[in-house]
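Data block below; observations after.
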Amino acid sequence: MSAYGSPATGVAVQAAPVARQAWAGSRQAPMLEAAGLALARDLQLAFRKRGQLVQPLAFFAMVTMLFPLAISPELARLREIAPGVLWAGALLASLLALEFLFRDDAYDGTLEQYALSGQSLTWLIFAKTAAHWLLTGLPLALMAPLAALSLGVSAAAVPGIVASVAVGSVALSLIGSIGAALTLGIKRSGALLSLLTLPLSLPVLIFGARATQLAITGGPLLAPLELLAALAVLGVTLAPLAAAAAVRISLE
Amino acid sequence: MTWTWFHRLGSPPYVYTLAARLTPWFAWPAALLIIGGLWGGLVLAPPDYQQGDGFRIIYVHAPSAWMSLMVYTTMAVAAAVGLIWRIKVAHAVAASCAPIGASFTFAALVTGALWGEPMWGTYWEWDPRLTSELILLFLYLGYMGLRAGLEDTQRADRASAVLAVVGVVNVPIIHYSVTWWNSLHQAPSVMRLAKPTMAASMLVPLLMMLLGFTLFFGAVLLVRLRGEVLSRERSASWIREIVKA
């Protein structure tokens with residue numbers, strides 16, 4: 001990264017009012033502080049546009065609703081397919097939410113300012129992805145039990161389901177950040193984004209659905225949960241690097 | 001000075017003429033090996049004691065599946081070289097690899113399905129290897145889709161290179177997770193093909209086909225590379241000289 005990164009130039013980010021507030025003063029913030037500010041800014045912006053936050057959740061609820069209507073309302077059958085329904089729904093919902101990850105910031109020039117700020121772009125992208133997870137992954141994890149209960153899953157499975165969706169969605173957000181960064185600036189990129197992201201997300205789907213299934217049947221779900229966590233850790237380590245490189249390429 | 005041969009590989013006109021000169025050295029051995037391998041596999045090799053003549057599709061299926069992975073690796077290595085050292089020709093190599101690899105993957109899937117019909121009684125079985133192959137096809141399609149979506153060649157080169165590198169890190173993870181997934185859902189009674197105890201009369205044609213397919217890939221890659229270099233350098237003066245000559 002440092003090969004591209006201009007040395008500290010002290011360029012203040014002036015893209016959005018929130019950012020200007022956060023970046024006021026000409027001193028160069030240390031790396032982690034800058035990442036924290038970027039995270040806070042994204043959260044603040046998101047809470048001012050609450051409508052957008054609800055969309056992936058509503059989408060998730062809709063997808064869950066499709067299955068009883070399309071297959072059968074029998075709870076016994078629905079319970080059997082519940083892990084698959086929950087994970088396919090969570091995967092699609094997080095995919096839908098990915099379009100918001102960089103789009104607005106790319107439009108108004110914030111991403112360019114990030115790239116020029118002299119701060120590590122990798123950390124800033126990681127902060128953005130973390131904010132994205134807090135705004136979509138975590139709510140999905142909290143909503144998954146609700147969907148599961150509607151599919152006839154017993155309440156005892158709730159902690160396992162929350163844990164698996166929470167951990168798995170970390171990996172999904174990180175994998176998705178690469179795809180979102182690569183497709184920046186491509187018009188009507190939705191289908192392409194899913195073509196890029198879904199094949200890479202399949203291991204998360206496999207382990208996540210397995211953990212959920214074991215949670216529902218009361219089996220030992222630690223092994224798939226640990227594999228999910230391993231994928232999340234690998235994502236934390238490598239995905240921001242790739243996403244930052246992709247953002248730079250998109251800005252060129 | 002000893003590295004000049006390497007540095008010349010970064011020059012499009014040099015690569016263009018080199019590719020033209022090398023193509024027959026790949027194409028002819030490939031043709032001979034594939035004809036020989038097919039003759040050995042379809043005529044000389046005895047029928048399998050379990051699968052009868054059905055097993056003979058392995059002579060196309062296994063080399064295609066092998067190539068689908070090898071081409072992806074080649075593509076990712078070329079893309080990484082292009083990304084790190086900013087060599088345009090390396091990006092051209094990566095871009096030329098993708099459609100070839102996708103075709104091999106498609107061939108592996110089709111032959112696998114045709115093979116499945118007599119062996120499993122169904123054209124499609126969610127066998128881990130077939131499923132991995134299908135995911136690999138989507139990885140190729142994503143790569144080509146991203147290139148097609150970006151109009152600026154330089155940006156397409158660099159963005160798709162990042163994708164190829166990310167993909168090659170993921171291919172083993174995908175493969176093992178799919179294998180693990182599959183072992184949960186069905187008894188491991190699916191036939192085991194890669195027996196180490198393959199008779200020499202069956203194995204030798206298979207190895208000939210493997211080598212033949214690899215050389216065939218080399219030949220097609222060189223031809224595609226020339227086309228790619230031509231279209232990228234279309235406004236360069238050396239192309240005008242070649243066209244005039």
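Run lengths n ≥ 4 of DSSP H only: what is the helix-derived mean residue ellipticity at 222 nm for chain A, with -39500 (n - 2.57) per run over all residues, to the nearest 500? Don't skip to the answer; put the middle values down first.
Numbers: 10 runs with 194 residues, N = 252.
The helix-only estimate for chain A comes to -26500 deg cm²/dmol at 222 nm.
Computed over chain B, the per-residue total of -39500 (n - 2.57) for DSSP H runs of n ≥ 4 gives a 222 nm mean residue ellipticity of -27500 deg cm²/dmol, rounded to 500. Provide A:Arg50, A:Arg79 in ascending order of the number of other Cβ atoms located within 10 Å of each residue's Cβ, fewest first. Ascending number of Cβ neighbours within 10 Å: A:Arg50, A:Arg79. In chain A, one over the average inverse separation of all distinct C-alpha pairs is 18.9 Å, which is the Kirkwood hydrodynamic radius.
Specify whether the C-alpha gyration tensor of segment B:49-244 places it in the rounded, prolate or oblate class, a ≥ b ≥ c being the square roots of the eigenvalues: rounded for a/c under 1.5, otherwise prolate if a/b is larger than b/c and oblate if not. Judged from the Cα gyration tensor, segment B:49-244 comes out prolate (a/c at least 1.5, a/b above b/c).
Report note on the peptides A:192-205, B:139-152: ranked by the mean count of other C-beta atoms within 10 Å, highest first, their order is A:192-205, B:139-152. If the Kirkwood radius is taken over C-alpha pairs of segment B:98-154, then at 20 °C and 1.002 mPa s the Stokes-Einstein diffusion coefficient equals 173 µm²/s. In plain terms, the chain from A:Glu33 to A:Thr217 could stretch by 61.8 nm, reckoned as 0.36 nm per residue minus the Cα-Cα distance. Per-residue Cβ neighbour counts within 10 Å put B:Phe104, A:Phe126 in the sequence A:Phe126, B:Phe104, beginning with the fewest. Quick check: from the Cα gyration tensor, does the protein assembly as shown come out rounded (a/c under 1.5), prolate or oblate? Note, shape of the protein assembly as shown comes out oblate. Think of segment B:49-244 as having a plus end and a minus end, set by charges on the Cβ of Lys, Arg, Asp and Glu; of B:Leu146, B:Thr179, B:Val81, B:Val81 sits farthest toward the positive end of this dipole.
For the protein assembly as shown, a crude dipole built from +1 on the beta carbon of Lys and Arg and -1 on the beta carbon of Asp and Glu, taken about the Cα centre, is about 960 debye to the nearest 20. For segment A:159-252, trypsin sites (Lys or Arg not before Pro) are listed when DSSP marks them as loop and at most 10 other Cβ atoms sit within 10 Å of their Cβ; the list is A:Lys187, A:Arg188.
Since every read-out is calculated from the coordinates, none of them should be taken as a lab result. Keep in mind the model is a prediction, meaning the values are calculated, not measured. For neighbour counting, all protein chains shown are included, and Cβ atoms are generated from backbone atoms with ideal geometry for every residue, glycine included.
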